[in-house]
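Structure first, then comments.
The values are calculated or read from the model by the stated rules, or taken from the named source; none is laboratory data. Every value quoted in this text rests on a predicted model; they were computed, and no experiment measured them. So basically every Cβ, Gly included, is an ideal-geometry build from the backbone, and we count neighbours across all protein chains shown.
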Amino acid sequence: MPHKGANHRRISAASVRLTALLDAAVDPIVLIDPRGRISGFNRAAEAVFGYSEAEVIGKNVSVLMPQPYRDEHDGYLARYVETGSRRIIGIGREVVAQRKDGTTFPIDLSVGEFKTDAERGFVGILRDITQRKRQEAEIREATEELRLIFENTPTPVTITDINGHVLNANRACEILLGYSAQELKEMRHSDLVVEEDRQEIRAEFSKLHQEGERFGREIRYRTKDGQIMYALLQAGVARDTKGEPLLMICEVIDRSRVFEVAKEAEDLRTRLAHVGRIGTLGEMVSGIAHEVNQPLTAIANYASAARRLVLAGAVDPEELAEIHDKIAIQAERAGQVIRSLRNMARKREFLREPLDCGMLVGEVTKLIDFELRARGWKLLVSIAAKLPPVLGDGVQIQQVLLNLIRNALEAMIEKASGDFVQVTAAPVDGSWIDITVSDCGPGLSHDAEDRLFEPFFTTKSQGMGLGLSICKSIMSAHGGELQYRRNSRGGADFIMRLPVSSP
Ligand SMILES: Nc1ncnc2c1ncn2[C@@H]1O[C@H](COP(=O)(O)OP(=O)(O)O)[C@@H](O)[C@H]1O
Ligand SMILES: [Mg+2]
């Protein structure tokens, strides 16, 4: 029939066009009829599945699926055709497809329904998502790996937002601070440090966001059970590509042990300083006794003079009052020596208080002056006006000075080449104070110069060789130093350098 023939040609032309269109598509396209039989299979589908179009035309589309989808599919399609209930059609989802060789691969499948006068069916467009799936898996693995690393890092770490609110805290952090990660997530990192230090640490954090990269400082934390813990906090900031801060990473390193050791060392140094001081004072006993004896003798003399006046009946009240004033002055002088002696001999904790170096020097020179005078030598003292305060333990600083002056004296006894010891106190660069003890002794040999500060190094028959090593450790405990240099007279200069306390 001509009419039918013409119609046939028209269909053919349309189907050629359709085939060309389908083949031009990059994605595999499969057409099926309402009973699930394959009615179209484009080139991309051939390439992906390994079937030729001829092999699959008329076959149930389930050949393209692995079990269990294969068996489920017929039922599914039938249900849709009967009830219109949709699982994939018009929606699309991720399913698994099977190639001719039996291998399977994930696809993103979108299915649409088509209806023409001539036929009705479904068009499935497939996208191989193996690559995407692999990337997703890789990202998942990498994320999991990062999570594991964070969780199991031996150093306690918190991650916070830029306001310091904890976003995450690892196991080590939970153990160290006693809070669960959940509890930590309801806190700010600064809430974890002791009350007094919070303000300061918040300021540090905001400075870090504004300009910094990282900072580290020793700070006290309070654990959940109320204990104070000394820790080193190291904080870093993570920024985006524009330099905006995103996150803060805070490492909390437990320093309690280090702190304890430092405390033990300090106790030890304090004890050693005390022993050293007692030793030095012991050596000075006869001199000091003499120093106290002098005013006592004077007092006795004034007292008997007063007695004589009274007994002679020629009492001039003016004269008597004058004698009593002199007695009082002498008593005060003896009292001063005894007070500073007792102060020096007392055993006590290492102190940190603002000190006036001029006053410290004055007190020490009073104690030792007599020993020099007894030999006809002079103790020259020069103290710069308005010395800024230093921070530390006055008695220990005096102990260093006393030791240095005694060493100077002992060196000069060996070789009488001059007749004075000079003590000066002067500021240096606005940040230090130098107290220098200068003598007229023989100075040090090169060998002695190198070993000077070693414990038990002595050139004296009765020497212990501990004086200078104790002095050195006292100076470094004050953030200062002790140095030797030969002076222009060939004698020794010992320089005590102390940091000025910042206001
Ligand atoms: N002012 C000084 N002049 C020369 N030598 C000194 C001086 N001060 C210290 N020394 C040397 O350093 C040594 C160690 O001094 P020190 O540690 O005080 O121990 P000691 O006084 O018990 O010997 C002394 O034995 C001496 O040789
Ligand atoms: Mg000595």
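Report, by residue number, each residue of segment 413-445 that is free of Cβ contacts under 8 Å to residues at least 40 places away in the same chain and either within 39 Å of the chain's Cα centre (by Cα) or buried (at least 19 other Cβ atoms within 10 Å of the Cβ) (or both).
Of all residues in segment 413-445, those free of Cβ contacts under 8 Å to residues at least 40 places away in the same chain come to 413-416, 429, 445.
Correct list: Asp429 only.
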May I ask you to list pairs of residues, at least six apart or on different chains, whose Cβ atoms are under 7 Å apart, with the first in segment 462-485 being within 21 Å of Glu264 (Cβ to Cβ) and among the aliphatic types (A, V, I, L, M) and the second being in a strand (DSSP E or B) and within 15 Å of ligand 2 (Cβ to nearest atom)?
Met475/Leu482; Met475/Met496
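Any chance segment 400-421 includes a residue that's within 16 Å of ligand 2 (Cβ to nearest atom), within 19 Å of His478 (Cβ to Cβ) and out of contact with any strand residue (DSSP E or B) (no Cβ under 8 Å at 6 or more places or on another chain)?
Within segment 400-421, the first condition is being within 16 Å of ligand 2 (Cβ to nearest atom), and the residues that meet it are 400-414, 421.
Still in the list and also within 19 Å of His478 (Cβ to Cβ): 400-405.
This time we only want the ones that are out of contact with any strand residue (DSSP E or B) (no Cβ under 8 Å at 6 or more places or on another chain), so: 402-403.
Within segment 400-421, one or more residues are within 16 Å of ligand 2 (Cβ to nearest atom), within 19 Å of His478 (Cβ to Cβ) and out of contact with any strand residue (DSSP E or B) (no Cβ under 8 Å at 6 or more places or on another chain).
Give me the residue from segment 483-503 that is among the aliphatic types (A, V, I, L, M) and surrounded by fewer than 21 Cβ atoms within 10 Å (Cβ to Cβ) and, out of that set, farthest from ligand 2 (Cβ to nearest atom).
Here is the first cut: in segment 483-503, the residues among the aliphatic types (A, V, I, L, M) are 492, 495-496, 498, 500.
Keeping just the survivors that are surrounded by fewer than 21 Cβ atoms within 10 Å (Cβ to Cβ) gives 495, 500.
Numbers: Ile495: 16, Val500: 28 Å.
Checking each candidate, the answer is Val500.
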Could you list, in sequence order, all residues of segment 165-186 that are under 12 Å from Lys224 (Cα atoms), touching a residue at least 12 places away in the same chain (Cβ under 8 Å) and part of a loop (DSSP other than H, G, I, E, B)?
Gly178, Tyr179
Under 9 Å by Cβ, and 6 or more places apart or on different chains, what pairs join a residue from segment 491-503 that is without any contact (Cβ under 8 Å) to a residue 40 or more places away in the chain with one that is more than 16 Å from ligand 1 (Cβ to nearest atom) and among the small types (Gly, Ala, Ser)?
Ser502/Ser431
Give just the number: which of (1) surrounded by fewer than 14 Cβ atoms within 10 Å (Cβ to Cβ); (2) over 24 Å from Glu260 (Cα atoms); (3) aliphatic (A, V, I, L, M) does Ile175 not satisfy?
(2)
Looking at segment 273-293, can you tell me whether even one residue there is more than 29 Å from Ile329 (Cβ to Cβ), part of a helix (DSSP H, G or I) and among the hydroxyl-bearing types (Ser, Thr, Tyr)?
no
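For Met248, are the conditions met, namely being buried (at least 16 other Cβ atoms within 10 Å of the Cβ), closer than 30 Å to Ile159 by Cβ and in contact (Cβ under 8 Å) with a residue 24 or more places away in the chain? Write out each step before concluding.
Details: buried (at least 16 other Cβ atoms within 10 Å of the Cβ): yes; closer than 30 Å to Ile159 by Cβ: yes; in contact (Cβ under 8 Å) with a residue 24 or more places away in the chain: yes.
For Met248, the condition - buried (at least 16 other Cβ atoms within 10 Å of the Cβ), closer than 30 Å to Ile159 by Cβ and in contact (Cβ under 8 Å) with a residue 24 or more places away in the chain - is met.
Taking the conditions exactly as written (closer than 12 Å to Leu498 by Cβ and surrounded by 18 or more Cβ atoms within 10 Å (Cβ to Cβ)), does Gln396 satisfy them or not?
yes
Results for (1) surrounded by 15 or more Cβ atoms within 10 Å (Cβ to Cβ); (2) in contact (Cβ under 8 Å) with a residue 12 or more places away in the chain, shown as yes or no for each residue.
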| site | (1), (2) |
| --- | --- |
| Leu208 | yes, yes |
| Ile228 | no, yes |
| Asp240 | no, no |
| Val258 | no, yes |
| Ile288 | yes, yes |
| Ala303 | no, yes |
| Ala314 | no, no |
For Leu341, state whether it is at pLDDT 90 or above and under 30 Å from Glu266 (Cα atoms).
no
